[in-house]
Amino acid sequence: MSAAAGPPQGGAAKDKEPHQRRTAVTPALGEGDGGKEVDIEPPYEIPESELHPSMLVRVVLLTLGSLALLLGIIGIFLPGLPTTPFVLVAAACYARASETFYRRLIANPTVGPLIIEWRRHHSIPYRIKVIAITTMSLTICVSIWTLSAMPWLQAMLAFIGASTAIVLWRIPSRDRQTAQERGGAQG
């Protein structure tokens with residue numbers, strides 16, 4: 001009985017300094033400095049109650065999560081197909097279907113930080129937001145130019161692109177202050 005009452009998998013050392021600051025160097029996508037030092041927090045602990053009780057639902061969620069992850073991976077190489085939303089959907093499905101798959105996704109150095117940022121703060125890093133909107137806009141512009149014979153399809157693409165860009169832009173970024181926050185801090 002005493003083993004069950006002990007501290008979880010890290011001993012008492014975790015409990016002594018719960019607010020200890022830890023940092024790590026993350027790979028910088030497109031930056032020449034090779035990475036930057038950022039604060040890291042321990043990965044999400046998934047309580048057992050978060051897994052869905054029905055095995056059938058877990059299998060469906062695992063299948064949907066794997067499909068979403070596959071589409072996200074394809075989106076890395078295929079402009080116009082967004083990566084981040086599919087990876088977030090995969091993380092949500094895995095969180096309810098399989099602790100193992102969820103932890104493996106969170107541990108991935110490329111998408112793990114994005115998922116953790118979304119789960120903890122419901123925000124997307126500013127740089128990722130700008131890259132997503134820029135690549136999506138360029139791809140939609142090329143698609144509109146190629147579909148010059150179908151004006152209704154051009155209009156639909158323009159509407160979808162603008163709507164998606166607006167929704168994405170409105171998602172907060174913790175690493176970038178708004179003009180209102182900067183003005184409030186100065187005055």
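With Cβ to Cβ distances under 12 Å as the rule, what net charge do the other residues near TRP169 carry (K, R +1; D, E -1)? Kindly include the intermediate steps, with their values, before the conclusion.
Details: positive: LYS129, ARG170, ARG176; negative: none.
Charge balance in the 12 Å sphere: +3.
If we count every other residue with Cβ under 10 angstrom of SER98's Cβ, Lys/Arg +1 and Asp/Glu -1, where does the sum land?
On the way: positive: ARG58, ARG96, ARG103, ARG104; negative: GLU99.
In short, +3.
May I ask you to sort HIS52, HIS121 by Cβ crowding, counting other Cβ atoms within 10 Å and putting the fewest first? The partial results should precede the final answer.
Working: HIS52 16, HIS121 11.
Going from sparsest to densest Cβ surroundings: HIS121, HIS52.
Once fully extended, how much extra length lies between ILE73 and SER143, figured as 0.36 nm per residue of separation less the alpha-carbon to alpha-carbon distance?
Fully extending the segment from ILE73 to SER143 adds 23.1 nm.
At a Förster radius of 35 Å, what calculated FRET efficiency corresponds to the Cβ-Cβ distance of ASN108 and ARG170, to the nearest 0.05? Please list the in-between numbers first.
On the way: r = 27 Å, r/R0 = 0.76.
Efficiency for this residue pair is about 0.85.
Each reported figure results from applying straightforward, stated rules to the coordinates on display, with no laboratory input. Keep in mind the model is a prediction, meaning the values are calculated, not measured. So basically every Cβ, Gly included, is an ideal-geometry build from the backbone, and we count neighbours across all protein chains shown.
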